1. What value, in deg cm²/dmol to 500, does the helix sum -39500 (n - 2.57) over DSSP H runs of n ≥ 4 give at 222 nm once divided by the residues of the chain?
2. Dividing the alpha-carbon Rg of the range 63-213 by 2.2 N^0.38 Å yields what?
3. What ratio of Cα Rg to 2.2 N^0.38 Å holds for the chain?
4. I need the peptides 293-302, 230-239 ranked by packing, meaning the mean over residues of other C-beta atoms within 10 angstrom, with the highest value on top.
5. Given 25 °C and 0.890 mPa s, compute D for the range 149-302 with the Stokes-Einstein relation, Rh being the Kirkwood radius over Cα pairs; round to the nearest whole µm²/s.
6. Can you tell me which lysines have their Cα less than 18 Å from the Cα of K28? Leave out same-chain residues fewer than eight positions away.
7. Pull out a ≥ b ≥ c, the square roots of the eigenvalues of the alpha-carbon gyration tensor of the range 166-242, then state rounded if a/c is under 1.5, prolate if not and a/b is larger than b/c, and oblate in the remaining case.
8. Please report, in whole Å³, the volume per residue of the convex hull around the C-alpha atoms of the range 19-123.
Amino acid sequence: MNQLCHSYDVAIIGGGINGASIAYQLSKLGKKVIILEKEGLACQASSAAAGMLAAQAEIEQEGPLFQLAIKSQSMFPELSNELFDLTGVDIEFVQKGMLKVAETDEIATELKKQVIFQQNWDSKIQWLDSWEISEMEPAISPSVAGGMYLPNDGHVQPEKLTQGFAKAAIHYGAEIHENTEVLSFLFENGQVKGVKTSNGLVHSEQVIVATGAWAGRFMQESGLDLPVFPVKGECFSIKTDVPFINRTIFSDKRCYLVPKRNGEIYIGATMIEDTFDDKVTPQGIATLIERATHLIPKIKDAAWERVWCGIRPQTGDGLPYIGEHPEWKGLFVATGHFRNGILLSPITGKLVADLLVGNQDSLLSAFQLERHTETVI
Ligand code: FAD
Ligand code: GLY
């Protein structure tokens, strides 16, 4: 274990994708940054994710979250090259498109409205009838009623993206301390002064809480009752000799299939509310298998690969918290990215870094901490 040096410009609590992205952007601006992670980099939600960059499939209405997501999505092509050039990490960015399918006529009617809305952002998005879907992806059951085709949609390997951000941050001088749990904040005269960790004190004029689903509990100590809730998601993956889907197939928020570059197909995910329990259950996986084989019958003959799960950080109103603490100067939060933390990580890193150097983007006003928090002390 490396000894903690005492003074930094910024201490980031949490080595998930958001902590790593923020560290990268801040150290690029010349800040002396430390990430404090209680276990290992990307050990929680950020390695469990499917890695979809599914702004249009996941977010169905115009608003600040959609704007944030669209902006972040557009950053990936350049980011992928930038991280590879800096670190040699290939984030496995694939942009082969997505089919969001409707399994019933009622869902098809709704999805056709979505196509019209989403065409405002990408004119290439279109509706496909059932026979067109069969031509494009023959493995999909012909019983689907049609679907929205998003030719520009993509995905990444989330753990590699986290590693890429972290290595790029190190390239610019950041330090990363794993197995270092932050136990409490150091406060003085209305200002944060650092944190107390399981390996000693860290002094810094700015502290960022990027602890994902654990942020609510953690922030209580700062007097803020931040409504952040855990939502467990279980996944499994299969491998096939010959790839039988080429694009991401998204049925609804509880069934999607993502063909990864290594030949695995990730199949997710359950949504189990209010639990930090990280067991993968036979019932969870059985439900996923049933949904996925209904959509793509051939799945039942594929080779089983693995199962896993992670805890998504959900918030009371579905929007992330990105901003400064209303009472303690220098204390910032970036959490609550729920189902879209991988997609939102590039923009989160950029906007938080800008915020810390005094440039608050107007996009952030919807994500402030004080929008419906209660002071508990
Ligand atoms: P986390 O990755 O949870 O990181 C928080 C870190 O803080 C952890 O490493 C934890 O150990 C650390 N920590 C906590 N407390 C302390 C402490 N006291 N001291 C030090 N460290 C601490 N998003 C997408 O965009 N696309 C997808 O396809 C997608 N699929 C998903 C599928 C599943 C099954 C799940 C579960 C999530 C999915 N997500 C997806 C959501 C995405 O994974 C999350 O939104 C994102 O990973 C959250 O990242 P984070 O850095 O905020 O939190
Ligand atoms: N965005 C996919 C999931 O959270 O399961």
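1. Computed ellipticity for the chain at 222 nm equals -9000 deg cm²/dmol.
2. Here the answer is 1.51, to two decimals.
3. The value comes to 0.99.
4. Those peptides, ordered most packed to least, come out 230-239, 293-302.
5. After rounding, the answer is 128 µm²/s.
6. Cα-Cα hits under 18 Å: K167, K350.
7. It is oblate, given that a/c is not under 1.5 and a/b is not larger than b/c.
8. So the per-residue Cα hull volume is 153 Å³.
Just so you know, all these numbers are worked out from the coordinates, no wet-lab data involved. It should be emphasised that the depicted structure is a prediction, and the values quoted were computed from it without experimental measurement. Because the Cβ atoms are built from the backbone with ideal geometry, glycine has one as well, and the counts that use them run over all protein chains shown.
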